[in-house]
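Shown next, in structure tokens, is the structure this report addresses.
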Amino acid sequence: MNTDRLTQQLTFIREIDKLKYIQRKTRLFDSQRHENDAEHSWHLAMMAMVLAEHATTEVDLFKVMKMLLIHDIVEIDAGDTFLYDTTQSHVNTEVELEAAKRIFGLLPEEQMRDFIALWEEFEAGETPEARFAKALDRLEPIMQNASNQGGTWAEYDVPLSRVLEKVQGIRKGSDSLWAYTEDLLRENVENGNLKE
């Protein structure tokens with residue numbers, strides 16, 4: 001048994017426990033409690049399992065799930081950037097890349113390379129798997145906000161135009177989930193949870 005390899009892997013496992021402490025702005029469905037990044041990642045992986053048939057093109061489900069489980073690990077160092085933040089961009093930054101190198105660098109070399117490549121593929125959003133994973137990543141907070149009388153939309157005075165600008169990626173990953181999103185947003189405008 002390679003004890004050095006095992007030690008590296010267990011060090012990584014210990015480190016990613018910190019993801020449970022990264023609070024997001026969105027709240028759990030029908031709740032006042034804010035979601036943490038670990039809960040978010042788990043929920044997205046479950047969404048992928050359940051909704052894979054709705055991807056625009058056939059996807060490697062295991063790859064999608066891996067992307068969803070690791071995509072926010074960089075936030076252990078970089079912190080969570082609120083999707084609708086008007087002062088910070090919600091795109092890959094140098095800080096996130098440094099975080100990816102440090103955290104995934106705890107793993108043995110080939111696992112580190114695989115995880116960084118997977119994270120970069122998700123961030124680029126160009127493959128069918130990344131497009132579907134990103135669609136789910138955008139859909140979950142919409143559903144959460146709708147369940148919480150507007151949630152962060154109401155709390156931060158986010159207009160429909162800004163929501164639409166940020167969630168266009170859903171359209172790239174799934175036609176049926178995009179149609180659902182449009183209906184849900186329209187319904188939330190009509191009931192006053194989201195301003196036009």
At F62 and Y156, where each label point lies 7 Å from the Cα along Cα→Cβ, what is the point-to-point distance in nanometres?
-> 3.6
Using amide H atoms built 1.01 Å from N in the peptide plane, name the residues 5+ places from T26, or on other chains, whose amide H lies under 5 Å from its own.
-> E35
Does anything in the stretch 12-27 have its amide N under 12 Å from the 7 Å Cα→Cβ label point of Q111, and if so which residues?
-> 12-16
Arrange Y84, Y180 by Cβ neighbour counts within 10 Å, fewest through most, would you?
-> Y180, Y84
Under 27 Å from the Cα of K172 - lysines, other chains or at least 8 residues apart = K25, K63, K66, K134, K195
Using the alpha-carbon centroid of each, what span in Å lies between the stretch 15-77 and the stretch 96-123?
-> 17
Taking the Cα atoms only, what angle lies between the long axis of helix 109-124 and the longest principal axis of the chain, rounded to 10 degrees?
-> 20
Percent RCO, i.e. relative contact order, over the stretch 3-190, from Cα pairs under 8 Å lying at least 6 residues apart | 26
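The numbers here are math on the coordinates, done by the rules we state, and not lab data. Predicted, not measured: the structure shown is a model, and the values here were computed from it. When we count neighbours, we look across all protein chains shown, and the Cβ atoms used for this are built from the backbone with ideal geometry, even at glycine.
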